[in-house]
1. Output the residue which, of all residues in region 30-39 that are in contact (Cβ under 8 Å) with a residue 24 or more places away in the chain and either of a type in the set (Val, Ile, Thr) or surrounded by 17 or more Cβ atoms within 10 Å (Cβ to Cβ) (or both), is nearest to Ser73 (Cα to Cα).
2. So Glu67 ticks every box in (1) modelled with pLDDT of 65 or more; (2) part of a loop (DSSP other than H, G, I, E, B) but one. Which box is left unticked?
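The values are calculated or read from the model by the stated rules, or taken from the named source; none is laboratory data. As the structure is a computational prediction, the values presented were derived from the model and not from experiment. Methodologically, a virtual Cβ is constructed for each residue, glycine included, from the backbone with ideal geometry; neighbour enumeration extends over all protein chains shown.
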Amino acid sequence: MQKTGQIGTDKIRSAMKTEETSMEIKKKNTNIRCSVTQCKHNMLSENYCGLDCICVGTHEQNPTVPECTNCDSFVKRSSTQG
């Protein structure tokens, strides 16, 4: 038989696990095309991002070509994802 405190702890753990799972569910954003499959936000099945918006930055003081810009929302996909 579980103690009352244990029941509360189990409910919290269950809620946290549900929240973690729901956070991983992505919906493709047709406004953001992305072919970087190494990013955890990439939809993999299609060349789209799963984020609502992204942050674009640069590593140059005076960017002049697309290669000077970066997706600052990039997060490396873990080996267990995908």
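1. Among residues in region 30-39 that are in contact (Cβ under 8 Å) with a residue 24 or more places away in the chain and either of a type in the set (Val, Ile, Thr) or surrounded by 17 or more Cβ atoms within 10 Å (Cβ to Cβ) (or both), the one nearest to Ser73 (Cα to Cα) is Cys39.
2. All conditions pass for Glu67, except number (2).
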